[in-house]
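The values are calculated or read from the model by the stated rules, or taken from the named source; none is laboratory data. Note that the coordinates shown come from a computational prediction; the quantities given were computed from them, not determined experimentally. Virtual Cβ from ideal backbone geometry, glycine too; neighbours counted across all protein chains shown. Areas reflect the complete protein model, heavy atoms only, side chains present, ligands, DNA and RNA absent. Shrake-Rupley method; radii C 1.70, N 1.55, O 1.52, S 1.80 Å.
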Amino acid sequence: MQLSKLSGSVLSGLHCFLIAADQMSFTRAAEILCLTQSAVSHKIKNLEDSLDVQLFIRQHRKLVLTDEGQRLKQVLASNFGNIIHEIRDLKSTELCGDLTVSAPPTFAQTWLVPRLTSFIEKYPNLRIHLRTRNDLVDFQIESYDCAIYFGNGIYPNLAVDKLLEETMFPVCSHDYALKNKLYDQPENLMHCLLLHDAAPWARAGRNDEWQFWAQYFNVALPDNNCTFDRADLAIKAATTGMGVAMARQSFVAEQLATSRLVSPFDMTMNSAHSYYVVCRKEMQTSPKIKAFKDWLFSEINS
């Protein structure tokens, strides 16, 4: 098919195919693209009809790429990311259009979203699309402009700016602290239920944050624990008196101020990880990405 004959639906279908081929799942592709599974399936079928080529063999609960599908995936994987961002950047001198950002769920809920109104008021012609996830973005095939990561800052082939450092400490309800005699007695954690964020950063172990804190202060931890895939769920459980959660300062400032949570020990430490804003190196001079990063830093410094 000649490039001049490629319709918008075919280009959209190619992007959908690339995500589905990378995930080998229409369901996971639909989650990434914020579409329904049937919409993804429909796009792939239309693409196959337009190209007159079968790209997937659809088996029960399993997808298999055909030889033609494998060839198309290899070509698109090396070029599609550049195409998407080149098209997006055609009008990059104007602060308008779409800005798609990924951020960790709890950071987005507790820190980013409450501040977004000021960004929208400052740049009314920019349409921001925020998507939350704990894993890292594949900028080669996913159409994100930038992302906020919580991690060690080592992200090869990306432009990386350190955004915000974190402190961490245990928190629980006042009643739970009294019941378990926790005030100034960290040894009594051995009788408590620990609440874990099982995904505090990409590829983290489910109890890494607690272990890091316990090793720093030489505190023994119990085996009794409950895990969540989001930090805000662990924090919410702590407010209800379920147990003790490991908190980051940016997540619990409001709960501490209103006494819904307490920090029973004066044992606060700097986290080994920080927040970073990242994007493709070739996109770091994009005016809309620069505007977003400048706004983030202005919020931190205000």
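Some values worked out for this structure:
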| quantity | calculated |
| --- | --- |
| So Leu116, is it open to solvent by 10 Å² or more (accessible area, probe 1.4 Å), of a type in the set (A, V, I, L, M, F, W, C), under 30 Å from Gly97 (Cβ atoms) and part of a helix (DSSP H, G or I) | yes |
| Qualifying positions in the range 121-161 - acidic (Asp, Glu), in contact (Cβ under 8 Å) with a residue 12 or more places away in the chain and open to solvent by 20 Å² or more (accessible area, probe 1.4 Å) | Asp135, Asp138, Asp161 |
| Residues within the range 12-35 that are among the hydrophobic types (A, V, I, L, M, F, W, C) and surrounded by fewer than 16 Cβ atoms within 10 Å (Cβ to Cβ), tallied | 2 |
| Residues (open to solvent by 60 Å² or more (accessible area, probe 1.4 Å) and either within 18 Å of Arg260 (Cβ to Cβ) or in contact with a strand residue (DSSP E or B) (Cβ under 9 Å, 6 or more places away or on another chain) (or both)) located in the range 164-202 | Glu165, His174, Asp175, Leu178, Lys179, Tyr183 |
| Residue that is most open to solvent (accessible area, probe 1.4 Å), among those in the range 253-284 that are within 15 Å of Thr167 (Cβ to Cβ) and within 19 Å of the chain's Cα centre (by Cα) | Ala272 |
| Residue that is modelled with the lowest pLDDT [pool: residues in the range 51-61 that are more than 11 Å from Phe26 (Cβ to Cβ) and not in a loop (DSSP other than H, G, I, E, B)] | Gln59 |
| Hey, Ser102 touching a strand residue (DSSP E or B) at 6+ places or on another chain (Cβ under 6 Å) and modelled with pLDDT of 80 or more or not | yes |
| Of all residues making up the range 44-81, the number that are open to solvent by 60 Å² or more (accessible area, probe 1.4 Å) and either touching a His at 6+ places or on another chain (Cβ under 9 Å) or among the small types (Gly, Ala, Ser) (or both) | 1 |
| Hey, Phe228 of a type in the set (Phe, Trp, Tyr), without any contact (Cβ under 8 Å) to a residue 60 or more places away in the chain and open to solvent by 10 Å² or more (accessible area, probe 1.4 Å) or not | yes |
| Count - residues of the range 191-237 that are within 14 Å of Arg248 (Cα to Cα) and not in a loop (DSSP other than H, G, I, E, B) | 14 |
| Subset of the range 246-274 [out of contact with any helix residue (DSSP H, G or I) (no Cβ under 6 Å at 6 or more places or on another chain), of a type outside the set (Gly, Ala, Ser), farther than 20 Å from Gln211 by Cα and not in a helix (DSSP H, G or I)] | Thr258 |
